Amino acid sequence: MRKSSIFISFILGCTLTLGLAFLDALFQKAGDLPLLRQEIKVVETLQLTDFCLATEARHTRHPSQSDWHSPFQSHPGALDHFPSGAIIQPPERIIKGHELPR
Amino acid sequence: MIELQHIFKIFNAGKPNEHVAVEDVSLTIEAAKITVLRGPSGSGKTTLLSVLGCMARPTSGRILLQNREVTSLPSRFRTEIRRKTFGFIFQQYHLLQGISVLENVMLPAYPNGDSFAQLKQQAEKLLDLFGLLPKAASKVEWLSGGEAQRTAIARALVNNPAVIIADEPTAHLDTKLSRELMEIVAKFKAEGKTILIASHDPIVHESPVVDQVVDMRDGKLMDSGAA
Amino acid sequence: MSYLVNKQRNILDFALSSLLRRKGKNLALVAVYTLVVFALASVMFFAAALKKEASLVLSATPELIVQKMVAGRHDLIPMSYAEKIRKIRGVTAVEGRLWGYYYDPLVRANYTLLVNEKTALPEKTIAVGAGIARVRSAYRGSTMNFSSYEGKPMLFQVRGILSQESELLSADLILLSATDFRRLFGVPEDYATDLTVQVRNKKEVATVAAKIQQMLPDTRPILRDEIIRTYEAVFDWRAGIVIVVLLGALLAFLIFAWDKAAGLSAEERREIGILKAIGWETSDVLQLKFWEGLTVSLTAFLLGTIFAYVHVFLAAAPLFATVIKGWSILYPNFRLTPFLNVFQIAVLFFFTVVPYTVATIIPSWRAATIDPDQVMRT
Ligand SMILES: Nc1ncnc2c1ncn2[C@@H]1O[C@H](COP(=O)(O)OP(=O)(O)OP(=O)(O)O)[C@@H](O)[C@H]1O
Ligand SMILES: [Mg+2]
């Protein structure tokens, strides 16, 4: 068999597999839809604001609700993730707060 | 038929190391004949062959290939002429290392875009002709000197060129192989191919199959005559 | 047409033969390259899926929350604030939320206690998240003891376990009645943790927030958009950190690949000369180099991307999960919903395949334009 035939078959095989991955993603998503709907429902009824990813401190359990001054924070509103918070300024919008348009 | 008219090739023109490698060469090369360029080292044989084979442009002068002017053509066309009209056998063979004999022979035909099966058949036919078929799958670095040369010849023939150009083809061959080569060349002539050889090897220019010997010295032609 | 296809396949044939000459080196290159694509794609898929999930699920979060701030810290908010906010034009409803944290020394975990009127739990009963049920081995009917703000023990009966499917949101939750909440934490009757505000017209939310801030300067309004964007930023940052960690390896690979692709050896230069001498055009030589580059980079791209998909969405990303998701004692069990899109793949393709292929072609350009007659005298 020609080398190019082998290679082209290989690439086609890989592309097909990638296509299957897309298909799998679609199926998984369809399968997860009821779950997602349920999660949305939970957020709505319990009026939740955050994911339960890190429960250890309030600025990690409820990053969207935490104080502007929390441990190791370099600036009110800075992202609370070492070392990013120490390096990158928080977005302008967060620093400014809410003002009425003049 | 190839006609050279007042060909000059000047290297480093206008610089202190300016060198006139070919000076005012006018020459007619008959079709289906064997022409040998003879001359001492540095006389400009290789330079003339490369100008003639559309590898390099002459500094001035015209080359007519079957009455068609080729010196001023854009390089794309010259490449195509080089590929389809000329077959080159280099002094050092210049086979590509690490690649099989068969693929080396097929290489010059790749840009043509012909069907692969056809091309492979053609290459195998040529290898068979030179008794190299058993070596088709071997890498070229395993070949003996004679085998390597025959591979180089097969490669020069794969596009079925009208003109074969060989630069010092016997430089690395012993007497026996050199005579064999001249037999092969004679066969080409019988098939109607035009052959141009640069060589100062007596086995070549004293061979009875040679039709014309052209003497060169310091880039200029000496009187030419039949062998 | 078939002429063009034949030609490209011929050139591809030769490109492959050419690469196979240095089999070990090129296979190593493809392997490392695949690993790099795999790492990048894993991080990208993971972060994108989390972001997508956040924006989808949190789309139902209250559109405006108002906190009271005292000396720069979140404080209880008087219900009288709710009355004032309700009078702002466009506001349809204002509700007080009661929630807070409780540290359980028994398992050294932090719980989130939350009052939900709709759940209507009787006094002395609670509903707990699946994570808590796991670490406390709680079940329907079992009891849990809490210590009130005055240090008095309070016994609760577990009325229900929150569904496992929503663990990503509720693993550490404890739902209880408002009376119990106030009794446990000593929160006065006319105070809430914060307020949720509903606005009639979605476009006016920002204006309402600004008006609240103006009217009640000691408050801090938090918009739903901000929450979603905070999450996007958080996951982007975590993905960024992983990439920063990988950066050293990435750079090393770049140097290696660049050297491999761009450094044209004398041998390769000679070969280009031979090809030109036997009748290859400059463009043919460049096409050869294009195929050489594409063969390596496309193989690495496809393999890396496929492995990344398997890693992230079929094997739950064992390599990066903790960094991107975070860590916790009460860690929720959850499986990410894959959100793949063509754009992601295209970005990945653009950043992995294109640079390498270009780096292979560019240096050959000069070599490919030399006069073929050089070959006659080497
Ligand atoms: N690119 C170049 N730049 C400068 N001088 C060159 C160049 N190529 C060839 N020459 C010179 O042109 C002259 C003719 O060279 P050429 O190779 O044609 O001789 P030759 O007859 O083939 O010699 P030999 O029998 O040794 O192969 C030599 O003096 C050589 O140095
Ligand atoms: Mg010479």
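Inter-label distance, C:Phe185 to C:Gln198: 2.3 nm, where each label sits 7 Å from its Cα along the C-beta direction.
Here r is the Cβ-Cβ distance between C:Leu251 and C:Val310 and R0 is 25 Å; the resulting FRET efficiency, rounded to 0.05, is 0.40.
Its Cα centre serving as origin, the protein assembly as shown has a Cβ charge dipole (Lys and Arg +1, Asp and Glu -1) of approximately 1040 debye. Using only alpha-carbon positions in segment C:1-147, the gyration tensor eigenvalues give semi-axes of 60, 26, 16 Å once each is multiplied by 5 and square-rooted (largest first). Taking every protein chain into account, the accessible area of segment C:64-222 amounts to 47 square angstrom per residue (probe 1.4 Å). In order along segment A:39-54, the Karplus-derived 3J(HN,Hα) couplings, from 6.51 cos²θ - 1.76 cosθ + 1.60 at θ = phi - 60°, round to 4, 4, 5, 4, 4, 5, 6, 8, 6, 7, 10, 9, 6, 8, 9, 9 Hz, and Gly and Pro are given as x. With the simple model of a label 7 Å out from the Cα in the direction of the Cβ, B:Thr59 to B:Glu180 spans 4.2 nm. Computed in the context of the full set of protein chains, the accessible area of the protein assembly as shown at 1.4 Å probe radius has 59% of its extent on carbon or sulfur. The antiparallel fraction among DSSP beta bridges confined to segment B:96-227 stands at about 50%.
In this structure the amide hydrogen of A:Thr55, modeled in the peptide plane, comes within under 5 Å of the amide hydrogens of C:Ile329, C:Leu330, none closer than 5 places in sequence on its chain. The interface between chain A and chain C buries about 7000 Å² of solvent-accessible area in total (1.4 Å probe, ligands and nucleic acids excluded).
By the rule of a C-alpha distance below 20 Å, with chain neighbours fewer than 8 residues away ignored, the aspartates and glutamates paired with C:Lys84 are A:Glu99, C:Glu63, C:Asp75, C:Glu95, C:Glu189, C:Asp190, C:Asp194, C:Glu204, C:Asp218. For chain C, adding -39500 (n - 2.57) for each run of n ≥ 4 DSSP H residues and dividing by the number of residues yields -18000 deg cm²/dmol at 222 nm.
Here the protein assembly as shown carries DSSP beta bridges of which approximately 65% are antiparallel, counting only pairs with both residues inside.
Mean-square fluctuations from a GNM of chain B, with a 10 angstrom spring cutoff on Cα atoms, peak among B:Val101, B:Val209, B:Val158 at B:Val209.
Which pairs, out of C:Lys23/C:Lys276; B:Lys193/C:Lys276; A:Lys41/C:Lys68; C:Lys25/C:Lys51, put more than 29 Å between their alpha-carbon atoms?
In this structure, C:Lys25/C:Lys51 exceed 29 Å between Cα atoms.
Among B:Ile165, B:Ile203, B:Ile89, the residue with the largest mean-square fluctuation in a Gaussian network model of chain B, with springs joining Cα atoms closer than 10 Å, is B:Ile203.
Please get the size of the charge dipole for segment B:2-226, origin at its Cα centre, with Cβ charges of +1 on Lys and Arg and -1 on Asp and Glu, quoted in debye to the nearest 20.
Roughly 560 debye for segment B:2-226.
Spacing of the modelled spin labels on C:Arg73 and C:Phe351, each 7 Å from Cα toward Cβ, amounts to 4.1 nm. Surface analysis of segment B:133-198 yields an accessible area of 41 Å² per residue, using protein heavy atoms and a 1.4 Å probe.
Ranking of C:Tyr101, C:Tyr81 by solvent-accessible surface, largest first: C:Tyr101, C:Tyr81 (1.4 Å probe, protein heavy atoms only, all chains present). Kirkwood analysis of segment B:2-226, using all unique Cα-Cα pairs, places the hydrodynamic radius at 18.1 Å. Where the alpha-carbon atoms of chain C are placed on the principal axes, they occupy 99, 49, 41 Å, in descending order. Rg over Rh for the protein assembly as shown works out to 1.25, both radii taken from alpha-carbon positions and Rh defined as the Kirkwood radius. Hull volume per residue, based on the alpha-carbon atoms of segment C:41-87 and their convex hull, is 114 Å³. Of the residues A:Leu35, C:Val245, C:Tyr33, the one whose Cα sits farthest towards the positive end of the charge dipole of the protein assembly as shown is A:Leu35 (charges of +1 on Lys and Arg Cβ, -1 on Asp and Glu Cβ, taken about the Cα centre). Note on segment B:2-226: antiparallel DSSP beta bridges, both residues inside, total approximately 55 percent of the bridges counted.
Between the Cα long axis of helix B:145-157 and the first principal axis of chain B there is an angle of about 80°, rounded to the nearest 10. Each semi-axis of the equivalent ellipsoid for segment B:106-220 is √(5λ) with λ an eigenvalue of the Cα gyration tensor; in descending order they amount to 27, 17, 13 Å. In segment C:87-128, which residues have a backbone nitrogen under 17 Å from the label point lying 7 Å from C:Ala210's Cα in the Cα-to-Cβ direction? Answer for segment C:87-128: C:88-91. Put simply, segment C:64-222 fits an ellipsoid with semi-axes of 32, 17, 14 Å; these come from the alpha carbon gyration tensor as the roots of five times its eigenvalues, largest first. C:Ile361 sits with roughly 30 Å² accessible to a 1.4 Å probe, with DNA, RNA and ligands left out of the calculation.
Go ahead and estimate [θ] at 222 nm for chain B from helices alone: -39,500 (n - 2.57) per DSSP H run with n ≥ 4, summed, over the residue count, rounded to 500. List each step's numbers first, then the result.
Details: 7 runs with 72 residues, N = 227.
My calculation for chain B gives -9500 deg cm²/dmol from helical runs alone.
Ranked from the most accessible area to the least, with a 1.4 Å probe and all protein chains present, what is the order of A:Ser66, C:Ser2, C:Ser55?
From most exposed to least exposed: C:Ser2, C:Ser55, A:Ser66.
Legend: residues B:Asp114, C:Asp284, sorted from most to least accessible area (1.4 Å probe; ligands, DNA and RNA excluded), read B:Asp114, C:Asp284. Counting only alpha carbon atoms, the long axis of helix B:116-129 and the longest principal axis of chain B meet at about 80°.
Screening chain C for whole DSSP H helices of 24 Å or more along their axis (Cα) with average Kyte-Doolittle hydropathy at least 0.5 returns C:23-57, C:224-262, C:282-309, C:342-368.
The values are calculated or read from the model by the stated rules, or taken from the named source; none is laboratory data. Not measured: the values here are computed from a predicted model. When we count neighbours, we look across all protein chains shown, and the Cβ atoms used for this are built from the backbone with ideal geometry, even at glycine. The area values use the complete protein model at the heavy-atom level, side chains included, leaving out ligands, DNA and RNA. Shrake-Rupley method; radii C 1.70, N 1.55, O 1.52, S 1.80 Å.
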